[in-house]
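J.: The structure is given below, and queries will be raised subsequently.
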Amino acid sequence: KPILARAAAGVPDTLGGAGLLNGPDDGTLVAAEAMFEILTDKALRDDLVARGKRRLADFRPERAREILLGHLAALEA
(Lines give C-alpha, C1' and ligand atoms only; values in the text may rest on other atoms or scores of the structure.)
Protein backbone atom coordinates (compact mmCIF):
# COMPACT_ATOMS: atom_id res chain seq x y z
CA LYS A 1 0.00 0.00 0.00
CA PRO A 2 1.24 3.53 -0.69
CA ILE A 3 2.10 5.51 2.42
CA LEU A 4 1.28 9.11 3.30
CA ALA A 5 2.66 10.23 6.64
CA ARG A 6 3.57 13.33 8.62
CA ALA A 7 7.29 14.15 8.64
CA ALA A 8 7.72 14.13 12.40
CA ALA A 9 9.88 12.28 14.92
CA GLY A 10 11.43 9.15 13.38
CA VAL A 11 8.89 8.73 10.58
CA PRO A 12 11.08 10.10 7.74
CA ASP A 13 13.99 7.84 8.72
CA THR A 14 11.71 4.84 9.10
CA LEU A 15 10.13 5.40 5.69
CA GLY A 16 13.52 5.92 4.07
CA GLY A 17 11.97 7.58 1.03
CA ALA A 18 9.30 4.90 0.63
CA GLY A 19 6.33 7.20 1.09
CA LEU A 20 4.97 10.70 0.71
CA LEU A 21 5.66 12.97 3.64
CA ASN A 22 3.64 15.99 4.70
CA GLY A 23 5.46 18.67 6.65
CA PRO A 24 4.89 18.76 10.41
CA ASP A 25 2.87 21.95 10.10
CA ASP A 26 0.92 21.05 6.96
CA GLY A 27 -2.81 21.09 7.49
CA THR A 28 -5.58 18.80 6.42
CA LEU A 29 -5.91 20.45 3.00
CA VAL A 30 -2.32 19.49 2.11
CA ALA A 31 -2.96 15.94 3.33
CA ALA A 32 -6.15 15.75 1.26
CA GLU A 33 -4.31 16.97 -1.84
CA ALA A 34 -1.56 14.40 -1.31
CA MET A 35 -4.12 11.63 -0.83
CA PHE A 36 -5.92 12.75 -3.98
CA GLU A 37 -2.65 12.45 -5.91
CA ILE A 38 -2.03 8.96 -4.54
CA LEU A 39 -5.55 7.88 -5.47
CA THR A 40 -5.60 9.36 -8.97
CA ASP A 41 -2.01 9.12 -10.19
CA LYS A 42 -1.37 5.46 -11.00
CA ALA A 43 2.32 6.03 -11.79
CA LEU A 44 2.85 7.73 -8.40
CA ARG A 45 0.93 5.00 -6.59
CA ASP A 46 2.87 2.23 -8.34
CA ASP A 47 6.17 3.99 -7.54
CA LEU A 48 5.25 4.35 -3.86
CA VAL A 49 4.28 0.68 -3.65
CA ALA A 50 7.55 -0.39 -5.31
CA ARG A 51 9.62 1.85 -3.00
CA GLY A 52 7.72 0.43 -0.02
CA LYS A 53 8.55 -3.12 -1.03
CA ARG A 54 12.24 -2.23 -1.40
CA ARG A 55 12.22 -0.49 1.99
CA LEU A 56 10.56 -3.48 3.62
CA ALA A 57 13.57 -5.57 2.63
CA ASP A 58 15.71 -3.42 4.97
CA PHE A 59 13.73 -4.77 7.92
CA ARG A 60 14.40 -8.45 7.21
CA PRO A 61 16.55 -9.82 10.04
CA GLU A 62 19.56 -10.61 7.86
CA ARG A 63 19.48 -7.17 6.19
CA ALA A 64 18.98 -5.37 9.51
CA ARG A 65 22.01 -7.25 10.88
CA GLU A 66 24.08 -6.24 7.86
CA ILE A 67 23.10 -2.57 8.28
CA LEU A 68 23.84 -2.63 12.02
CA LEU A 69 27.24 -4.23 11.51
CA GLY A 70 28.03 -1.61 8.86
CA HIS A 71 27.24 1.17 11.30
CA LEU A 72 29.34 -0.44 14.01
CA ALA A 73 32.27 -0.91 11.63
CA ALA A 74 32.08 2.76 10.70
CA LEU A 75 32.42 3.66 14.40
CA GLU A 76 35.64 1.67 14.66
CA ALA A 77 37.24 3.48 11.71
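J.: With every protein chain kept in place and ligands, DNA and RNA left out, what is the accessible area per residue of the chain? Probe 1.4 Å, answer in Å².
T.: Counting only protein heavy atoms, the per-residue value for the chain is 74 Å².
J.: If I build a Gaussian network model for the chain, linking alpha-carbon pairs within less than 10 angstrom, which residue out of G52, G19, G27 has the largest mean-square fluctuation?
T.: Taking springs between Cα atoms under 10 Å, the residue moving most is G27.
J.: Now for a separate question. Can you match semi-axes √(5λ) of the Cα gyration tensor in Å to one of these, (1) 31, 16, 10; (2) 30, 16, 7; (3) 16, 15, 12, based on a calculation from the structure here?
T.: Of the labelled values, this structure produces (2).
J.: Expressed as a whole percentage, what fraction of the accessible surface of the chain belongs to carbon and sulfur atoms when a 1.4 Å probe is rolled over the protein heavy atoms?
T.: Result for the chain: 62 percent of the exposed heavy-atom area is carbon or sulfur.
J.: So what is the relative contact order for the chain, in percent, with contacts set as C-alpha pairs under 8 Å and at least six apart?
T.: Normalised by residue count, the contact order of the chain is 32 percent.
J.: Continuing with the same structure: How much FRET efficiency would the formula 1/(1 + (r/R0)^6) give for L75 and L4, where r is the Cβ-Cβ distance and R0 is 30 Å, rounded to 0.05?
T.: The formula returns an efficiency of 0.30 here.
The values are calculated or read from the model by the stated rules, or taken from the named source; none is laboratory data. Note that the structure is a prediction, hence the values are computed from the model and not measured. Reconstructed Cβ throughout: ideal geometry from the backbone, glycine too, with neighbour counts over all protein chains shown. Please note that ligands, DNA and RNA were not included when accessible areas were found on the heavy atoms of the full protein model with its side chains. Shrake-Rupley method; radii C 1.70, N 1.55, O 1.52, S 1.80 Å.
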